[in-house]
Amino acid sequence: MTSNPKISDSHCHLDFPDFDGEVDDVVNRAIAAGVTRMITICTKPCEETKVRQIAEAYPTVYYAVGTHPMNVAEEGMITASELIALADHPKMVGIGESGLDFYYTVDTAELQERSLRIHIAAARESGLPIIIHSRSADDAMARVLLDEYAKGAFCAVMHCFSSSAELARVALELGFYLSLSGIVTFPRSQELRDIVAATPIDRILVETDCPYLAPPPHRGKRNEPAFVIHTAAVVANIFELDYSDFAERTERNFERLFRKTAVASVSNER
């Protein structure tokens with residue numbers, strides 16, 4: 001076991017081809033770095049079995065299921081009842097990722113919104129948090145979140161947050177969390193760091209979104225869960241906290257949002 005402060009990677013993609021044949025080593029490096037929990041995200045429901053099997057193989061890995069907005073057109077609509085049924089698995093801890101991406105796929109905006117609302121309904125019914133992807137869609141995202149929350153409360157995390165201060169305000173007022181990736185470490189991300197500095201620390205998570213967005217000193221290389229400690233160190237500095245203090249606080253946030261991981265962690269320690 002590691003003696004490093006414990007921290008969790010709230011969003012990774014261990015099923016992606018980038019990690020083929022290396023998942024054992026990747027998970028072990030993460031544990032050695034202090035990353036004792038990882039949520040691997042299914043972006044296509046047709047690949048749920050593969051993602052679930054990764055989570056089942058490692059005590060430190062959990063998973064979530066959803067249709068990424070860029071995949072909606074090819075995947076079709078999963079139903080809320082299908083997602084709710086999958087949520088019975090003890091290691092499925094979130095719904096998604098789902099959301100709106102108008103950077104590459106604005107032509108499917110209507111389908112994306114329909115899919116997002118289905119995922120929110122599943123999150124509301126199951127009690128699991130929805131993991132939200134939002135890119136170049138701030139106004140539409142704020143509208144959907146406010147509209148859906150008025151129908152009934154649900155919990156959510158804005159994954160890989162790099163959007164506007166206004167969308168951050170809406171999300172935080174609804175009680176949601178902001179999860180920060182390597183983007184927050186990049187030199188040109190001062191505006192994002194300013195948004196983070198104005199965010200209550202009890203709403204902050206960290207993630208890799210690996211294999212993408214590796215933070216320095218690994219920028220430009222394949223990202224992996226072990227590297228989340230570099231992002232966490234930068235965010236700790238934003239809050240003027242020691243790394244160990246920041247890690248402890250974000251661990252509490254992680255367990256508050258992804259409640260099933262806290263239960264499983266206690267069981268694993270027995």
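Which values of log₁₀ I(q)/I(0), to two decimal places, follow from the Debye formula for the chain at q = 0.07, 0.13, 0.16, 0.17 Å⁻¹ with a uniform point scatterer at every Cα?
Evaluating at q = 0.07, 0.13, 0.16, 0.17 Å⁻¹ gives log10 I(q)/I(0) of -0.21, -0.78, -1.25, -1.44.
Can you tell me which of Ala30, Ala165, Ala57 moves the most in a GNM of the chain? Springs connect C-alpha atoms under 10 Å apart.
Between Ala30, Ala165, Ala57, it is Ala57 that shows the largest mean-square fluctuation.
Relative contact order for the stretch 4-62: what is it in percent, counting Cα pairs under 8 Å that are at least 6 residues apart?
For the stretch 4-62, the relative contact order is 41 percent.
Per the 1.4 Å probe, what fraction of the accessible area of the stretch 133-270, in percent, lies on carbon and sulfur atoms?
50
Once a ≥ b ≥ c are taken as the square roots of the eigenvalues of the Cα gyration tensor of the stretch 18-82, is the result rounded (a/c under 1.5), prolate (a/b larger than b/c) or oblate (a/b not larger than b/c)?
prolate
Would you mind telling me which residue in Glu74, Glu97, Glu113 has the biggest mean-square fluctuation in a Gaussian network model of the chain, where springs connect alpha carbons within a distance under 10 angstrom?
Among Glu74, Glu97, Glu113, the largest mean-square fluctuation in the Gaussian network model of the chain belongs to Glu74.
Classify the stretch 149-270: rounded, prolate or oblate, from the alpha-carbon gyration tensor (a ≥ b ≥ c, eigenvalue square roots; a/c under 1.5 rounded; otherwise prolate if a/b is larger than b/c)? Mind showing how you got there, number by number?
Values: a/c = 1.61, a/b = 1.09, b/c = 1.47.
Oblate.
Per Stokes-Einstein, at 37 °C and 0.692 mPa s, what whole-number D in µm² s⁻¹ belongs to the stretch 84-125, with the Kirkwood radius over Cα pairs as the hydrodynamic radius?
290
If a/c stays under 1.5 just call it rounded; otherwise compare a/b with b/c (prolate if a/b is bigger, oblate if not). Do that for the stretch 29-137, with a ≥ b ≥ c from the square roots of the Cα gyration tensor eigenvalues.
Working: a/c = 2.10, a/b = 1.54, b/c = 1.36.
In terms of gyration-tensor shape, prolate.
How large is the accessible surface per residue of the chain, computed with a 1.4 Å probe and reported in Å² as a whole number? Please report the intermediate quantities before stating the final value.
Values: 11460 Å² over 270 residues.
Roughly 42 Å² per residue, with all protein chains present.
Would you mind telling me which residue in Glu148, Glu56, Glu82 has the biggest mean-square fluctuation in a Gaussian network model of the chain, where springs connect alpha carbons within a distance under 10 angstrom?
Comparing Glu148, Glu56, Glu82 in a Gaussian network model of the chain, the most mobile one is Glu82.
Carbon and sulfur atoms: what percent of the 1.4 Å accessible area of the stretch 1-45 do they account for?
47
Highest mean first, how do 45-52, 216-223, 119-126, 98-105 rank when packing is the count of other Cβ atoms within 10 Å averaged over residues?
Top to bottom by mean Cβ count within 10 Å: 119-126, 98-105, 45-52, 216-223.
The values are calculated or read from the model by the stated rules, or taken from the named source; none is laboratory data. Because the structure is a prediction, the values reported are computed rather than measured. Because the Cβ atoms are built from the backbone with ideal geometry, glycine has one as well, and the counts that use them run over all protein chains shown. When the accessible area is computed, the model is the full protein with side chains, heavy atoms only, and any ligands, DNA or RNA have been set aside. Shrake-Rupley method; radii C 1.70, N 1.55, O 1.52, S 1.80 Å.
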